[in-house]
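Asks: Just passing along the structure, written as structure tokens.
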Amino acid sequence: MKKIKEIVFILLLLCSSSSIAQKLKGQIKDSVTNETLPYATLAAMDQAGKIITGTLANEEGKFELMITQKVVQLNVSHLGYKTTSLYAPFTSDKSLIITLATDENILEEVVIEGDRTSREFLIDRKVINFGNDLQSSGGTVLEALDQLPEIETDPISNDIRLRGSGNVRILIDGQPSPLNNTDLLAQIDASQVERVEIITAPSAKYQADGQSGIINIVLKNKVVKGLAGTINMDGRTNPGFGTGINLTGGFGNFNIQSGISYRDVYFLNETTNFREFNSGVTQDISAEREFDGSVTNLNFKVEWFLDASNDLSISFRWTNNEHFIIPVTTIIQDKGQTTINVLENYHQHRSQVYNANYRKRFDPKKNRTLDIDINLNNNDNLLPSTARVNEVIVLDNDILFNNYIFNGAIDLAWEIDEKSSIEAGGLYTRKFIENEQFGMNTEGSITLTYNYDEDTYALYFLYKKQWNKLGLQLGLRSEYFQSEGNVNNEVLAIAREFLNLFPSFHLNYKRSELLNYSLSVNRRIARPSFFDLNPLTTINNPLFRREGNPALTPEFTDNLEFGLRWNKKSFSLNNSLFYRRSTDLINRLFVVDSVGSTVMTFSNGGNIHTIGIESTLSKKLSEKLDFTITATGFYQYARPDITDFFYANQYNYNLRTKLSYKPSQKLSGDIQWNYFGERRNLNLTAEDFNFLNIAVRYKTLQNKGTFTLRFTDAFRTNIFRSERISNSIKEDMTWKGQTRVLILAFNYRFSKGDIAFRKSKSKNYNESGALE
């Protein structure tokens, strides 16, 4: 009874407090350039200097904050700027414009970045500000994404998945790469990342490819008057090492950024497999897959601030990614004959990315901008391979692959008033691919050519409206797509032409400072990628290969998502319930050829319904201890237009937890436990597995340097077991990944001058032509 009285008293107190609460809203800008400052921090303080409430500004620097009479001071801060304080009584103006001045001190005070990875939920995306995440230190972006509970990395292929679907688009600063997601993310150091944007319900502003959504990796971008830089070094026991340096200098109206990095990568995977053919033949297979490679990155960027209203930037990025992939496979057939297969692959991927961007600001007081962006991406690949069976060469193969992508875009953002704005733009994309294969096998010589080109023309319009508690965003995108191609100069069914409309609808209702609802509806497309279309493929496994189908047509998906977010000072709960309906499925078929290799091919037809939930709970247990747990799960009912599938009812569920402890300003650590539940798709069932990662960090050299020690898969439980069934074969497989890897990383920041963070423009290009 006493507890009930206490609860009633608290409710009455909250009601009485809300009756005298005041809403503050406005926008935060740079005091000199008048640029909006995204994700600035606002903290409301009482008389004793204790934080009562607070919020983050959104990507446009706008904020809304409910305060009570207890609030006497409002502190506004942003990295690289002096903190500004407002004092009670606060203005009753409709909208505050708060300006922040850059810190005039040399950057002894400003180099410290946030230690915690924070999340912000916008109307159409989740923004994850990386901070100094311990579990990503000394690693690549691929490893860093694997630490985020919202993202799943396939343990064998390293494919990136969102909510159970691998049809996700990866962008770097809004720009694509001809590389597949794995190679792209494995060649960028995590230390370069400022934030990750997870867009599960993209608006019409974004290209329509990527059914499960878009992951945009935003790299750090600084404007400097003086000099700033970072040095990174790391080593690992598997073995491997990496090193890099990034420099930024400001000279008058010019800002110059450059960097170079090198990473040596080695790992060894072990696989055992039992295969049983319909004919009764059995095979016991053991394999070791050795990967040995290196990645060199060079980047350079010049920004020219013509005046307060006009900016021009030009950038160049060069990457050389080369590696050997050597699987050694021992096959014992019917408990008797033994065969040893050795496949030697050498991959060299060389990429050059050129970008030019011009931005015009029409009104210093409103968000009215015009952006013109040109992006050129050229990727050359050399992919020779040699296969030996019992030391006899059965395949000597060379593949050359050149990929050229041009993007030209124009975007207009026009703020009508404080409550409404429009965005509109257009995009032209030109892609051209040249592919050649020549060599020999047991049947004779091989000579194949494959040429493919495509053009996409797109227009979009977006309208945003904000009422008191209700936010609305409506969009429509139109894309005209055409492509053609040929194999050995003979035109096949690759010639395609589509005109599609993609509407989007986002609704956000902020019931209170604690509770927020959202609803999103959109339509997406999965056009067949080069990976799906190309009949010329690399072979990384002597028992498995892919063969593309040039006749494939697009797959469409309609998405519905409902979100509920409840946030308090030390506790937050974020839930998303989603539904997807996909039609004209791009299906994967598995057949066995005459020599016993499993061949994966593709075909169209059928539909699939998916319903799932994603929930994240965060709790600040004390001033030094934080806890986060994320659970995801989905159920699918599939009706593909193929006979070679076994499971119409499919499911998957995962759980990730992280416990972070910071006993002092210099020392911090965390423990992350990952649990992957049972999985079932069309032809495969997988057992559950889990693994534990540990990390510790220590700051030194006046907080400019940090040492980080990570230990992955502490108990050697990262083991994937599955069973795959097709009309021809049944396979039981066990895969062991990298286990008990110790990683030591050192990062040092140096600077002299003033730093401000500029809201750089990132074009949301898209690329569907992946290459392994």
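The values are calculated or read from the model by the stated rules, or taken from the named source; none is laboratory data. Since the model is a prediction, treat every value here as computed from it, not as a measurement. Glycine gets a Cβ as well: all are built from the backbone with ideal geometry, and neighbour counts include every protein chain shown. Accessible surface areas use protein heavy atoms only, side chains included; no ligands, DNA or RNA. Shrake-Rupley method; radii C 1.70, N 1.55, O 1.52, S 1.80 Å.
Asks: Can you give the net charge of the other residues whose Cβ lies under 15 Å from the Cβ of Glu276, counting K and R as +1 and D and E as -1?
Replies: Cβ neighbours under 15 Å give a net charge of -1.
Asks: Then there's this: So what are the ³J(HN,Hα) numbers for region 449-462, from phi and the Karplus equation (6.51, -1.76, 1.60; θ = phi - 60°), rounded to whole Hz, Gly and Pro as x?
Replies: Rounded to whole hertz, the list is 10, 9, 10, 8, 9, 8, 10, 10, 10, 9, 10, 9, 9, 9.
Asks: Moving on to the next point. Give the calculated FRET efficiency between Gln482 and Phe531 to the nearest 0.05, with a Förster radius of 22 Å applied to their Cβ-Cβ distance.
Replies: Step by step, r from the Cβ atoms, then E = 0.65.
Asks: Run the quick spin-label model on Tyr463 and Ala101: label points 7 Å from Cα toward the beta carbon, then report their separation in nm to one decimal.
Replies: 4.4 nm
Asks: Got a number for carbon plus sulfur as a percent of region 252-353's accessible area, 1.4 Å probe?
Replies: Answer for region 252-353 is 58 percent, counting heavy atoms of protein chains only.
Asks: Moving to a separate point now. Give a residue-ordered list of calculated ³J(HN,Hα) values for region 651-657 (Karplus: 6.51 cos²θ - 1.76 cosθ + 1.60, θ = phi - 60°; whole Hz; x for Gly, Pro).
Replies: 7, 6, 8, 9, 9, 9, 10
Asks: Tell me the label-point distance for the pair Asp284, Arg350, using the 7 Å Cα-to-Cβ offset, in nm and rounded to one decimal.
Replies: Output for this residue pair reads 4.7 nm.
Asks: Then there is this: Counting only heavy atoms of protein chains, what accessible area per residue, in Å², does region 681-731 have with a probe of 1.4 Å?
Replies: Here the residues of region 681-731 average 44 Å² of exposed surface.
Asks: At a 1.4 Å probe, what is the % contribution of carbon and sulfur to the accessible area of region 619-739?
Replies: C and S atoms contribute 57 percent here.
Asks: Find how many whole Å separate the alpha carbon centroid of region 309-332 from the alpha carbon centroid of region 414-465.
Replies: Value for the Cα centre distance between the two parts: 19 Å.
Asks: Around Ser294, what is the net charge, scoring Lys/Arg as +1 and Asp/Glu as -1 over all other residues with Cβ under 10 Å from its Cβ? Write out the running numbers ahead of the final one.
Replies: Numbers: positive: Arg263; negative: Asp264, Asp292, Glu322.
With Lys, Arg at +1 and Asp, Glu at -1, the net is -2.
Asks: Right, something else. Taking the Cα-to-Cβ direction at Gln738 and at Ile416 and moving 7 Å from each Cα, how far apart do the two end points lie in nm?
Replies: Inter-label distance under the simple model: 5.2 nm.
Asks: Tell me the per residue accessible area of region 411-457 using a 1.4 Å probe; a whole number in Å² is fine. Show your work: numbers first, answer last.
Replies: Details: 2190 Å² over 47 residues.
With the other protein chains kept in place, region 411-457 gives 47 Å² per residue.
Asks: Hey, another quick one. For region 686-728, which chymotrypsin sites (Phe, Trp or Tyr not before Pro) are in a loop by DSSP, counting at most 14 other Cβ atoms within 10 Å?
Replies: Those satisfying the criteria are Phe715.
Asks: Separate question: Kindly flag which residue pairs out of Lys62/Lys365; Lys62/Lys568; Lys23/Lys464; Lys29/Lys70; Lys301/Lys752; Lys23/Lys62 have an alpha-carbon separation exceeding 23 Å in this structure.
Replies: Going by Cα-Cα distance, Lys29/Lys70 fall outside the 23 Å limit.
Asks: In addition: Per residue, how large is the accessible surface of region 243-364? Use a 1.4 angstrom probe and give square angstrom.
Replies: Accessible area per residue, region 243-364: 47 Å².
Asks: Let me ask you something else. For an R0 of 45 angstrom, estimate the FRET efficiency from the Cβ-Cβ distance between Arg581 and Lys335 and round to the nearest 0.05.
Replies: That pair, Arg581 with Lys335, gives E of 0.40.
Asks: A follow-up question, please. Rounded to whole Å, give me the distance from the Cα center of region 565-632 to that of region 236-296.
Replies: 24 Å
Asks: What FRET efficiency comes out for the pair Thr237/Tyr509, r = Cβ-Cβ distance, R0 = 51 Å, nearest 0.05?
Replies: 0.50
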